[in-house]
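Some notes on the structure that comes next.
The values are calculated or read from the model by the stated rules, or taken from the named source; none is laboratory data. Keep in mind that this is a model prediction, so the values were computed, not measured. Cβ atoms come from the backbone with ideal geometry, glycine included; neighbour counts cover every protein chain shown. We work out accessible area using only protein heavy atoms, side chains counted, and drop any ligands, DNA or RNA first. Shrake-Rupley method; radii C 1.70, N 1.55, O 1.52, S 1.80 Å.
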Amino acid sequence: MDVFKNYINGEWVEGQTETTNVNPSDHSDIVGHYAAGSQSDVLVAVEAAKAAQPLWWNKTPEQRADILDRAGAILLDRASAIGTLLAREEGKALAEAAAEANRAGRIFKYYAAEALRMAGENIASTRPGIDVEITREPLGVIGLITPWNFPIAIPAWKAAPALACGNVVVLKPAGLTPGCAWEMAKALDEAGMPPGVFNLVMGSGGTVGDALLESRDVAAISFTGSVPTGYHIATKCVKSGKKVQMEMGGKNPLVVMDDADLDHTIATCINASFFATGQRCTAASRLIVQDGIYDAFIEKMQTAMKNLRIGHALEDGTQIGPVASVPQLDSNLAYVALARDEGAEVIGGERLNRKTEGNFQAPALFLGAKNDMRVSREEIFGPCASVLRFSDFEEGVAIANDTDFGLSSGICTTSLKHAREYKRRAKAGMVMVNLPTAGVDYHVPFGGTKASSYGSREQGTYAAEFYTHVKTAYVLA
Ligand code: UN1
C-alpha cells in the first residue's frame with residue numbers, strides 16, 4: 001500500500017516512519033499508511049515557511065483570495081469523498097462527516113473574501129498635524145496543532161484565517177486522523193499555493209508538536225485539544241515567546257425548564273449529548289432538568305435513546321458511529337463504571353457488538369447524578385451525560401455555571417424571560433437557546449471562558465485578532 005506523504009515546501013516528502021490509520025467501525029479496514037515526520041522535517045518546513053512568508057504577504061489580497069477560494073471550491077467538490085474518508089478514519093456518521101467536509105470548503109471560501117477585507121483605522125492624533133494609522137500585519141510562521149474529532153473543519157478554521165491574514169503555516173494534525181488533513185493539503189496544492197506557504201507535517205505530538213513548540217522561528221501556535229496538552233503547549237510557548245491560542249475542553253450544561261417544548265427538547269438533547277458520539281468539546285454532558293418536567297423528560301429520553309441507530313459510520317441510517325479509538329472507548333467505559341461507584345443510576349453506556357469489530361458504545365445517562373461527582377466535573381469526551389435535577393430557575397443557572405469550563409451553555413424554554421436572563425448570566429463563550437450546545441456557524445466567533453479557552457477567539461472576523469499584530473504609525477507631514 002502507498003504511504004501518504006508529508007507536504008513540505010510544495011513537495012510530497014517521505015516521513016521518518018509511518019503510522020497505520022485504522023477504521024474505528026471495522027478494525028480490519030486499513031484507511032491508509034501515513035508518513036510520520038521527524039524533528040528535522042519540522043525544521044525544514046519551518047525554514048521553507050519563513051522563506052515564503054514575504055512573498056505571500058507581498059501578493060495582492062486578491063491573489064491570496066483567489067487561491068483560498070479555489071481551495072474551498074476543490075474541497076466542496078470533493079465533500080462527499082472526503083466525508084467518506086472522514087467517516088472511515090474518525091467514525092463520524094456519514095451524513096455528519098460529509099457536512100463537516102462541506103463546512104471546511106465553506107470556511108476557505110469565507111476567509112478568501114476576508115483576505116480582501118483586511119482594514120485598518122485612521123485616528124486623529126492628540127497633537128496637531130500628525131496622522132495616526134493603525135494596520136494589521138501577519139505574525140509570520142504559525143504552527144497549528146489540531147485534534148482528531150473534527151479532522152477537517154478545525155484544520156480549515158485555523159489554516160484559512162492564518163493564510164488570509166498573510167501568514168504561513170505548518171500544520172500538525174492528530175495522529176489518529178491524518179487523512180483529512182492530507183486531503184486539505186492536496187486541495188491547497190492544487191489551488192496553486194506557492195511552495196512553503198502551507199506545510200503539512202504528520203506525526204506524533206512528542207516529536208512533531210514539540211519541534212514546532214521549540215522553534216524560535218514559529219511566531220504563534222493555535223491548538224485545539226485536551227486541557228493537559230493545552231497547558232503543556234502554553235508553557236512551552238511562553239518560554240519561547242510565542243503567541244498562543246488554545247481551545248480545550250467543555251462540561252457544557254443544557255438546562256431544561258418546565259415550560260420547554262418537550263419533543264423539541266428531547267431532539268435537542270439527543271443531538272447535543274450523543275451525536276458525533278459525544279466527541280465534541282461543545283457536547284452537552286450535563287442535562288439540568290427542572291422538577292415538573294423531569295419524569296416525562298427521562299421517559300422520553302430513554303425511548304429516543306433506544307431508537308438511535310448506532311453502528312458502522314458508513315452504513316445507511318447510522319446516526320451514531322463508533323468511539324474514535326480503543327483508548328477513548330476504555331476511558332468512556334471507565335467513566336460509566338465510575339458513575340455507578342459515585343452513586344448514579346446508569347442508563348445505557350454498555351459496549352455494543354456489531355457485524356464488524358469496532359468501538360461501539362451505547363449512549364449513557366447518569367441519573368440522580370450530583371454536580372460535584374467526578375462524572376459531572378471532568379470532560380469524558382464520549383456519549384455520556386449526567387442528569388441533574390433542580391427546582392427553580394436560580395438553582396438551574398447556579399448548577400449550569402458551577403463548572404471549571406465555560407465553552408457552550410444552553411437552555412430549553414418557551415419563556416422569553418428565562419431565555420433572556422440565561423443569555424445574560426451563562427458563564428460561557430457561547431449560549432444556545434432551544435438549540436444543542438454543539439454545532440456552530442463558521443462566520444462568527446467561537447470560544448469559551450475559564451478552562452475551556454485561552455487567548456483570543458477563533459472564527460469569523462475575530463480570528464484576525466490572533467493571526468495578526470497591530471502596528472500604529474504616526475506621521476507628521
Ligand atoms: C461544533 O460544535 O460545531 O473540538 C464545533 C471541538 C470544538 C468544535 C466544535 N472545537 O469539539
Within segment 404-421, residues being more than 16 Å from the ligand (Cβ to nearest atom) and either under 13 Å from ILE288 (Cα atoms) or free of Cβ contacts under 8 Å to residues at least 24 places away in the same chain (or both) number 7
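So that you can scan it fast, the table gives a plain yes or no per residue for (1) farther than 15 Å from GLY278 by Cα; (2) polar (S, T, N, Q):
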residue: LEU314; (1), (2): yes, no
residue: GLY317; (1), (2): yes, no
residue: PRO322; (1), (2): no, no
residue: VAL336; (1), (2): no, no
residue: ASP341; (1), (2): yes, no
residue: VAL346; (1), (2): yes, no
residue: GLU350; (1), (2): no, no
residue: ASN359; (1), (2): no, yes
residue: PRO363; (1), (2): no, no
Out of all the residues in segment 97-139, which are open to solvent by 50 Å² or more (accessible area, probe 1.4 Å), among the small types (Gly, Ala, Ser) and within 14 Å of the ligand (Cβ to nearest atom)? ALA99
Inside segment 133-192, the number of residues satisfying the requirement of being among the basic types (Lys, Arg) and in a strand (DSSP E or B) is 2
Please indicate, with yes or no, whether at least one residue in segment 233-245 is within 16 Å of the ligand (Cβ to nearest atom), of a type in the set (Lys, Arg) and under 30 Å from GLN459 (Cα atoms). no
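The rows are residues; the columns are (1) of a type in the set (Val, Ile, Thr); (2) open to solvent by less than 50 Å² (accessible area, probe 1.4 Å); (3) more than 16 Å from the ligand (Cβ to nearest atom).
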| position | (1), (2), (3) |
| --- | --- |
| GLN279 | no, yes, no |
| LEU287 | no, yes, yes |
| THR303 | yes, no, yes |
| GLU315 | no, no, yes |
| PRO327 | no, no, yes |
| TYR335 | no, yes, yes |
From the options GLY225, GLY230, GLY249, residue that is modelled with pLDDT under 95 and under 20 Å from the mean Cα position of the chain (by Cα): GLY249
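Could you tell me which residue of segment 365-392 is farthest from ALA344 (Cα to Cα), considering only residues that are among the small types (Gly, Ala, Ser) and open to solvent by less than 20 Å² (accessible area, probe 1.4 Å)?
Among them, the one singled out is GLY382.
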Criterion (open to solvent by less than 10 Å² (accessible area, probe 1.4 Å), within 16 Å of the ligand (Cβ to nearest atom), modelled with pLDDT of 95 or more and among the β-branched types (Val, Ile, Thr)) met by exactly one of ILE154, ILE142, ILE82: ILE154
If we scan segment 208-220, do we find a residue that is surrounded by fewer than 22 Cβ atoms within 10 Å (Cβ to Cβ) and either within 16 Å of the ligand (Cβ to nearest atom) or part of a helix (DSSP H, G or I) (or both)? yes
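Of all residues in segment 11-44 being of a type in the set (S, T, N, Q) and closer than 23 Å to LEU94 by Cβ, which is most open to solvent (accessible area, probe 1.4 Å)?
Across segment 11-44, the extreme among qualifying residues is SER28.
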Please verify whether segment 58-75 includes one or more residues that are of a type outside the set (D, E, K, R), touching a strand residue (DSSP E or B) at 6+ places or on another chain (Cβ under 8 Å) and buried (at least 16 other Cβ atoms within 10 Å of the Cβ). no
Of those in segment 393-437 that are of a type in the set (A, V, I, L, M, F, W, C) and in a loop (DSSP other than H, G, I, E, B), the residue most open to solvent (accessible area, probe 1.4 Å) is LEU435
Consider only pairs whose beta carbons are under 6 Å apart and that are at least six residues apart or on different chains; among these, list those whose first residue lies in segment 429-442 and is closer than 22 Å to ASP263 by Cα and whose second residue is of a type in the set (A, V, I, L, M). VAL433/ILE411; VAL433/ALA419; PRO436/ALA272; THR437/LEU254; THR437/ALA272; THR437/ALA284; ALA438/ALA272; ALA438/ALA283
In segment 11-27, anything within 18 Å of LYS172 (Cβ to Cβ) and outside any strand (DSSP E or B) is listed as GLU14, GLY15, GLN16
One residue is enough: does segment 347-355 have a residue meeting the conditions small (Gly, Ala, Ser), crowded, with 19+ Cβ neighbours inside 10 Å, on the phi > 0 side of the Ramachandran plot and within 26 Å of the chain's Cα centre (by Cα)? yes
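Based on what the data block shows, is GLY105 within 30 Å of GLU47 (Cα to Cα), without any contact (Cβ under 8 Å) to a residue 60 or more places away in the chain and not in a loop (DSSP other than H, G, I, E, B)?
yes
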Enumerate the pairs (first residue in segment 305-322 and within 16 Å of ILE347 (Cα to Cα); second residue anywhere and in a loop (DSSP other than H, G, I, E, B) and open to solvent by 20 Å² or more (accessible area, probe 1.4 Å)) with beta-carbon separation below 6 Å, excluding pairs fewer than 6 apart on the same chain, so at least 6 apart or on different chains. LEU308/GLN319
Which numbered condition trips up ARG425, out of (1) more than 16 Å from the ligand (Cβ to nearest atom); (2) within 26 Å of ALA99 (Cβ to Cβ)? (2)
Given the criterion buried (at least 24 other Cβ atoms within 10 Å of the Cβ) and either under 19 Å from HIS33 (Cβ atoms) or more than 16 Å from the ligand (Cβ to nearest atom) (or both), identify the matching residue among LEU176, LEU200. LEU200
Can you pull out the residues in segment 256-269 that are open to solvent by 10 Å² or more (accessible area, probe 1.4 Å) and under 12 Å from PRO436 (Cα atoms)? HIS264, ILE266, ALA267
